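Reading through the structure tokens given below for one structure.
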There are 2 protein chains.
Amino acid sequence: MEKVTQIKSATLSDDLTQRLTAEVVEGVLPLGSKISEPELAKRYGVSRGPLREALVKLEALGLITRTANVGARVIELNIEDLLDTYTLREAMEGMAARLAAELISEQEVAELYTLLDDHQAHLDSNKDEHYASQYGNEDFHLRIIQASQNKKLIRVLTQDLYATIRMYRRYTADSRPDPRQALREHKAILDAIANREGDLAELLMRRHISRAATLLKKAMLHDSISQGNSGQP
Amino acid sequence: MEKVTQIKSATLSDDLTQRLTAEVVEGVLPLGSKISEPELAKRYGVSRGPLREALVKLEALGLITRTANVGARVIELNIEDLLDTYTLREAMEGMAARLAAELISEQEVAELYTLLDDHQAHLDSNKDEHYASQYGNEDFHLRIIQASQNKKLIRVLTQDLYATIRMYRRYTADSRPDPRQALREHKAILDAIANREGDLAELLMRRHISRAATLLKKAMLHDSISQGNSGQP
DNA sequence: TCAAGCTAAATTGTCGACAATTCGACTTAG
DNA sequence: CTAAGTCGAATTGTCGACAATTTAGCTTGA
């Protein structure tokens, strides 16, 4: 018998961390909004103890800022932080691509080619480019990162930076990188990895991410960012 | 009037975080040892609430591991994690050196040359190579990181990874990189930065860190690491 | 009219106690 | 003698309440 509806984590604090992370990323908690501990505790039906532990974790993830005796606020997005984040990503995922070229198995390479073929098919047939672009892109990058076999690298990229990156993508959802262009770049990266050309793989991955950053920057300059509202005033 | 003896942080949790971080890095809390919440709370004269918040932060820093309903343990060091950490450092400090070459001011360059001159003088005159090697090295790297002006990069390197790196250095204190060799490499890196050669600066910084990692690896293979003891059994 | 000071309400930080789970020692059956 | 089971002590997770600080509004004086 499976429980799917109610994902019960081992501890309330972990549970809250997941939920709050989702709420921040999805915009339920608007950008820059104040976080009231009594209010959140009542909303989730828990005491402030585990809630505060969750907030400490959210702060470590860079999703909120906390000030002593004042409280917590959801972070605000700005171009500077966006570019900083993507530069960091460029360095780390570039290294991940290099390591992947050295360490990936032939089977994983084959799976990645299949993944890109599926992605291509989606783009050719389907009109729903949004889905293919979003999840196909994410999946490809995550697999490269995993293939690096570097636990620290994997942790920083998939735990610490992941939520932040998703936030920026969400708030710049309108103008997104051309999925066909992205796919071409993915193929080039994968070719380099398959050929065990670490230098080239790193170079291509860096360019790929740098290009994405440039596009996101343009998107942020057009859309004024500071309009994430879903909660009650 | 200044208070220096008693550094009183705004909140007990922050205070505890600093103290516990120091205890882990300095080996007061031995590697792999269990952390008892009641015992620590009594030792510091605080309740378990702020202590637990501090432990959450320590976990985010990668200094301890926590398991639900079981408790917290100080991490253990191993060669795999050491190499992973230094590979990550290589990618990030390499990028920092590249950015520094683009963004650093002439005055900062001059200060860095002065720093290296001081370091050189220490090595020529003084027998206390340990000090010069340790702090001179740290200072140089920190300044390059700061010169990158990338807040995210600075945060990960100086907050998240710093404690871990210091731990590895402490437990492999015996055989440490040749300080004269390190100084030569620092000078080469600084020359590249001063000449605004970002590519070269990144390359040299990467080699420099990679070399340090190789030496630390050898040190760990000789010294058996698992002998960090200072507390009571 | 505006700035400074004061008061009260609300929020954050901290504490001690209770509930739930784990771990160890002991017992007991095979 | 070993292995499974049981019971109790200890530890972790959670809660509600109190203390300390901040914040907002009001008052007061220049």
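Take residue A:107, push a point 7 Å out from Cα through the beta-carbon direction, and compare it with the same point in every other copy: 6.0 nm, smallest first. Ligands, DNA and RNA left out, the accessible area of region B:79-222 computed with a 1.4 Å probe is 49% carbon and sulfur. Normalised by the number of residues in region B:12-74, the average gap of Cα pairs under 8 Å and 6 or more apart makes the relative contact order 42 percent.
Each peptide in A:72-82, B:46-56 receives the mean, over its residues, of other Cβ atoms within 10 Å, and ordering these scores from highest gives B:46-56, A:72-82. Peptide B:92-101 has a mean shielding of 3, counted as Cβ atoms of other protein chains within 10 Å of each residue's Cβ.
Here region B:21-86 and region A:140-215 have alpha carbon centers that stand 33 Å from each other.
Each label was represented as a point 7 Å from its Cα along the Cα-to-Cβ direction; for residue A:42 and residue B:149 these points are 4.7 nm apart.
Give me the inter-chain shielding for B:54-60: mean count of other chain Cβ atoms within 10 Å, whole number please.
4
The amide H of residue A:29, built 1.01 Å from its N in the peptide plane, has A:24 as neighbours under 5 Å, considering only residues 5 or more places off or on other chains. Relative contact order of region A:1-121, please, whole-number percent, based on alpha carbon pairs below 8 angstrom and at least 6 residues apart. Relative CO of region A:1-121 lands at 22 percent. What would the Debye equation give as log₁₀ I(q)/I(0) for chain B at q = 0.10, 0.14 Å⁻¹, counting only Cα atoms as equal point scatterers? The Cα Debye sum returns log10 ratios of -0.55, -0.99.
Roughly how crowded by other chains is peptide A:78-88, in terms of the mean Cβ count from those chains within 10 Å of each of its Cβ atoms?
4
Report the accessible surface area buried between chains B and A, summing both sides, using a 1.4 Å probe on protein heavy atoms only, in Å² rounded to the nearest 100. The buried area between B and A, both sides summed, comes to about 2800 Å². Output, in nm with one decimal and in ascending order, the distances from the residue B:118 label point to the matching label points of the other copies (7 Å from Cα along Cα-to-Cβ). Relative to the other copies, residue B:118 has label-point distances of 5.7 nm. The calculated 222 nm mean residue ellipticity attributable to helices in the protein assembly as shown amounts to -20500 deg cm²/dmol, summing -39500 (n - 2.57) over DSSP H runs of n ≥ 4 and dividing by all residues.
Please work out the average accessible area per residue across the protein assembly as shown, using the 1.4 Å probe convention, and give it in Å².
With all protein chains present, the protein assembly as shown gives 51 Å² per residue.
Across the identical copies, the 7 Å label point of residue B:65, projected outward along Cα→Cβ, sits 3.5 nm from its counterparts, in ascending order.
Residues B:15, A:199, sorted by accessible area with the largest first, give A:199, B:15 [1.4 Å probe; ligands and nucleic acids excluded]. Put B:86, B:162 in order of accessible area, highest first, and with a 1.4 Å probe you get B:162, B:86. Restricting attention to chain B, the count of lysine pairs at 8 or more positions apart or across chains with alpha carbons under 20 Å apart stands at 7.
The values are calculated or read from the model by the stated rules, or taken from the named source; none is laboratory data. Only a predicted model underlies this, so the values are computations on that prediction, with no experimental measurement involved. Cβ: placed from backbone, ideal geometry, glycine included. Neighbour counts: every protein chain shown. Surface accessibility is based on the protein's heavy atoms, side chains included, excluding ligands, DNA and RNA. Shrake-Rupley method; radii C 1.70, N 1.55, O 1.52, S 1.80 Å.
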